[in-house]
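Some notes on the structure that comes next.
Nothing in this text is a laboratory measurement; each read-out follows from the coordinates by a stated rule. Bear in mind that the values here come from a model prediction, so they are computed numbers and not experimental data. Cβ atoms come from the backbone with ideal geometry, glycine included; neighbour counts cover every protein chain shown.
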Amino acid sequence: MVPDVTDEHLVLQAQAGERDAFLTLYNRYTNKVYNRVKSRVPMQDAEDVTQEIFIAVVRSLDRFEGRSRFSTWLYTIVNRQIADYYRKFYRRSENRTTDLENYEGVLFSADSEGWDEMVMVQQGLQELPENYQEIILLRFADGLTFAEIADVRGQSLEAAKSLFRRAIQALDDIVNRN
Amino acid sequence: MDDQTRLDDNMANYADLILAGRDPAPSEELESQARIMQVLNEAIKPGQSMDAGMRSRLNHRINEEWDSAQQRRKSRFQILSFNNFNLMAVAASLAIVVAVVAIVIGMGDSSGSSMGATAQGDGDSGDLAIFGAIAVVIIVSGFLYFLWNRRR
């Protein structure tokens, strides 16, 4: 595995059928994707959703044309699969309240302190506009520094920090409102 | 430094500290948001990776999917390279032959029967030749575009 090779270059190699290139990409992003998934879906389903995401990546890799960064394209698939998950979740639930109670129960162990606060924060995260969700997840789920976030988003460090503050404030407002 | 920038920096620094595993006391103005960030950190735990069993199952499934995707890709390529490609080659060749025949007939008509030919008849064969030539250009261009697209 060569860390210097860009994602986009690896995609080109993977599109040409090189398994190793694809596996390098997959290894780069497995934990990041998993962290994003487990921050937004019940723990018991995080593995299945992560799997569905990477299956979708394999199936649609040929359609990646390099117009955006690979990570942006990948996180679009992550968001779409999580949205699909919730569509199916609500469709199959006849008793929505019971399911939501289960959802809250499986996100965190019942004996952990403040789990209801966690559920509120996670549900609040779902309600945020996409750019707010994105910057919070880049910092907390992907563990990128603010300088890296600014680079990824193509904005200044000050703008990234400002967006982060507004995102956290918006989340705080949603949690307090609920 | 204005007030907003100072707040932006304070909040970013606070996030950095809790993500580094420290438990700093938030300033009064950050108290509510600091709690949100602590909860986020607790819920997401960025350093945590999936366990070995889950990782192994995922690797296995993704490798399987890769194999079947490559298989599908190969068969799609075969269909493209055999059926469509050959079909287009035959169609283009036929079109060229038809166009050449049409042009030759058109030329024969206009040179061989100049005295007896009506203006209408000359016009028909001339039209035919023009249509033939246009058809050849369109089909050959389409064929070349198809080839060029495939090789990209």
**Fill in**
Karplus-derived 3J(HN,Hα) from phi for the stretch A:22-32 (6.51 cos²θ - 1.76 cosθ + 1.60, θ = phi - 60°), whole Hz, x at Gly and Pro, runs 5, 5, 5, 4, 4, 5, 4, 10, 4, 5, 5
**Request:** Just check chain A against the gyration tensor rule for me: Cα atoms, a ≥ b ≥ c as the square roots of the eigenvalues, rounded for a/c under 1.5, and otherwise prolate or oblate depending on whether a/b exceeds b/c.
**Result:** oblate
**Prompt:** Cα centroid distance between the stretch B:11-39 and the stretch A:161-178, in Å?
**Reply:** 13
**Whole-Hz ³J(HN,Hα) from phi, Karplus 6.51 cos²θ - 1.76 cosθ + 1.60, for the stretch A:140-156, glycine and proline x** = 8, 8, 8, x, 6, 6, 5, 5, 5, 4, 4, 5, 4, 8, x, 10, 6
**Message:** List the lysines whose Cα sits under 18 Å from the Cα of B:K45, skipping any in the same chain fewer than 8 residues away.
**Reply:** A:K32, A:K38
**Asked** Once every DSSP H run of n ≥ 4 in chain A is given -39500 (n - 2.57) and the sum is divided by its residues, what mean residue ellipticity at 222 nm do you get, rounded to the nearest 500 deg cm²/dmol?
**Response** -25000 deg cm²/dmol
**Prompt:** Hey, what do the phi angles of the stretch B:28-34 turn into as Karplus ³J(HN,Hα) couplings, whole Hz, using 6.51/-1.76/1.60 and θ = phi - 60°, x for Gly and Pro?
**Reply:** 4, 6, 9, 3, 5, 5, 4
**Message:** Compute the helix-to-body angle for A:96-107: its Cα long axis versus the longest principal axis of chain A, expressed 0 to 90° and rounded to tens.
**Reply:** 60
**Complete:** If every Lys and Arg gets +1 and every Asp and Glu gets -1 at its Cβ, then about the Cα centre chain A yields a dipole, in debye to the nearest 20, of 500
